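The values are calculated or read from the model by the stated rules, or taken from the named source; none is laboratory data. All values reported here derive from a predicted model rather than from experimental measurement. Methodologically, a virtual Cβ is constructed for each residue, glycine included, from the backbone with ideal geometry; neighbour enumeration extends over all protein chains shown. The protein model used for the area step is the full one, side chains on, heavy atoms only, and it has no ligands, DNA or RNA in it. Shrake-Rupley method; radii C 1.70, N 1.55, O 1.52, S 1.80 Å.
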Amino acid sequence: MADNNARADTPPTDAAREQRLGRITFRAWRRGFREADLVLGPFMEREGAGLSDAELDQFEALLAQDNDHELYAWIIETQPTPPEHDTPLMQKLRAFMRAHVAAVVAQGAG
């Protein structure tokens, strides 16, 4: 007999995690500001599966920001990042952006 009383502290199933990753990736690609899309979307596609649940929470907090231009400025470090978003995840995002942009430029884009 299956236990229908799932505990709140039970880790998410693989299917639930895959749904979460899909939802976050979709949101990352559709920010409305193309420059942000071209960093956040590929980051989630390439790095998302390896992020911890805490890092996914941090990424979702970034996606909840209303001002895409400001978010992008934090990533490219032209504006100071608020302390609550200046996390190791932001460092991963910046490193990915630098490598991603360098790879695209090396291929002749840009």
Inset, instruction - Arrange the residues 20, 94, 46 by how much accessible surface each exposes, largest first, with a 1.4 angstrom probe. - result: 46, 20, 94
Inset, instruction - Work out how much length residue 94 to residue 61 would gain on full extension: take 0.36 nm times their residue separation and subtract the Cα-Cα distance, in nm to one decimal. - result: 10.3 nm
Inset, instruction - Multiply the residue separation of residue 54 and residue 69 by 0.36 nm, subtract the distance between their alpha-carbon atoms, and state the gained length in nm to one decimal. - result: 3.0 nm
Legend entry - Convex hull volume per residue for the range 51-110, taking Cα atoms only, in Å³: 89
Legend entry - Residue-span extension gain [residue 29 to residue 85] - 0.36 nm each, minus C-alpha spacing: 18.2 nm
Legend entry - Residues listed by number, the range 22-61, amide nitrogen under 17 Å from residue 78 label point at 7 Å toward C-beta: 32-40
Inset, instruction - Can you sort 34, 17, 27 by 1.4 Å-probe accessible area, starting with the largest? - result: 34, 27, 17
Legend entry - Integer Hz, Karplus 6.51/-1.76/1.60 couplings in order for the range 59-69, x for Gly and Pro: 5, 5, 5, 5, 5, 6, 5, 7, 9, 5, 5
